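Beneath this line is the structure, given in structure tokens, with notes to follow.
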Amino acid sequence: MASGGNQQCTATVANSSNQSVTWSATGGTISTAGLFTAPIVTTDQTVTVKATSVADTSKSASATATVKAPMAALSASPTNLAFTAQQGGGNPAANAISISNTGGGTLTHGAAADAAWLTVSPASGTAPKTLQVAANIAGLVPGTYTGHTTITASGAANSQVTAVVSLTIAAALPVQHSVDLSWNASSSIGVVSYSAYRSATPGGPYMLVASAITGLSYTDTTVQSGLTHYYVMTAFDDRAQESVYSTEARAVVPCCRTGRCQPLDQTCPSNQHAATTSPAQLSNASL
């Protein structure tokens, strides 16, 4: 009979006009009228019910009943997982799925993933359990991927639960290169600052990229990958007079480690370094 279930019992006393009996049970409860209520069990249990004659207590009869534990029932949550990552970056943090037994007895489960980029661990265990679901983005291009984690429990109610897993990979951010400029101090008297100019062609025309530079170095962070830039410097004195251009310095901004540049509308590898110019000399500049 079922755990916690009820069963009416009856007894007949032979060769006696007194048919009264007393009831007893090794588990659960039984009323004076013989209504037996089975115990709540998590594993199957055998219970003995006994009727004893009131007229002659030496006379009794008994019966056994097997009380069945409720069937194990699989529950898993959540059933939708989402990962996000960026191309060239690290793997996203793992997500968790909680497994529980909402029925009786013991629930033993297995777990598996159906995508090469998707893993779940441990692959088997006993509820309650927390599974770790992880995504590996190595070798994947930007886009959205869908996989599944399937949890099974043979012999249980609701014996299979499938979680849908999505992975969205964003394109890598463009690398911001820079050009480091350095120069010799002007030999002119009264110099208080410098200005940096840049051109896309040798010899100019030059565009002002920075002014009022008080030191002997400057980093240009507005350069474009895959282009060659040409720089000159000027000196300003305390009367706001500007010198002629210095000698020109050339800087090649790379787009890939090998020097073979991609088209400018594509992303450069994230491990690319910034270019550095040779010093722009101002020793021959005059005010």
**Entirely in region 48-129, the strands (runs of 3 or more DSSP E) that have 2 or more residues that are out of contact with any His (no Cβ under 9 Å at 6 or more places or on another chain)** = 60-67, 74-77, 80-86, 95-101, 108-113, 118-121
**Request:** May I ask you to verify whether Ala33 is aliphatic (A, V, I, L, M), surrounded by 13 or more Cβ atoms within 10 Å (Cβ to Cβ) and free of Cβ contacts under 8 Å to residues at least 60 places away in the same chain?
**Result:** no
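With the requirement that a residue be of a type in the set (Ser, Thr, Tyr), over 15 Å from Ala240 (Cβ atoms) and in contact (Cβ under 8 Å) with a residue 24 or more places away in the chain, what does region 187-227 give you?
Within region 187-227, Ser187, Tyr197, Ser199, Thr201, Tyr206, Ser217, Tyr218, Thr219, Thr221, Ser225 qualify.
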**Asked** Quick one: is Leu81 at pLDDT 95 or above, among the aliphatic types (A, V, I, L, M) and in the same structural domain as Thr149 (by TED's automatic domain parsing)?
**Response** yes
**Request:** Would you check if there is a residue in region 213-232 being among the small types (Gly, Ala, Ser), crowded, with 16+ Cβ neighbours inside 10 Å and more than 29 Å from Gly88 (Cβ to Cβ)?
**Result:** no
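The values are calculated or read from the model by the stated rules, or taken from the named source; none is laboratory data. Only a predicted model underlies this, so the values are computations on that prediction, with no experimental measurement involved. Note that each Cβ is placed from the backbone with ideal geometry, even for glycine, and that neighbours are counted across all protein chains shown.
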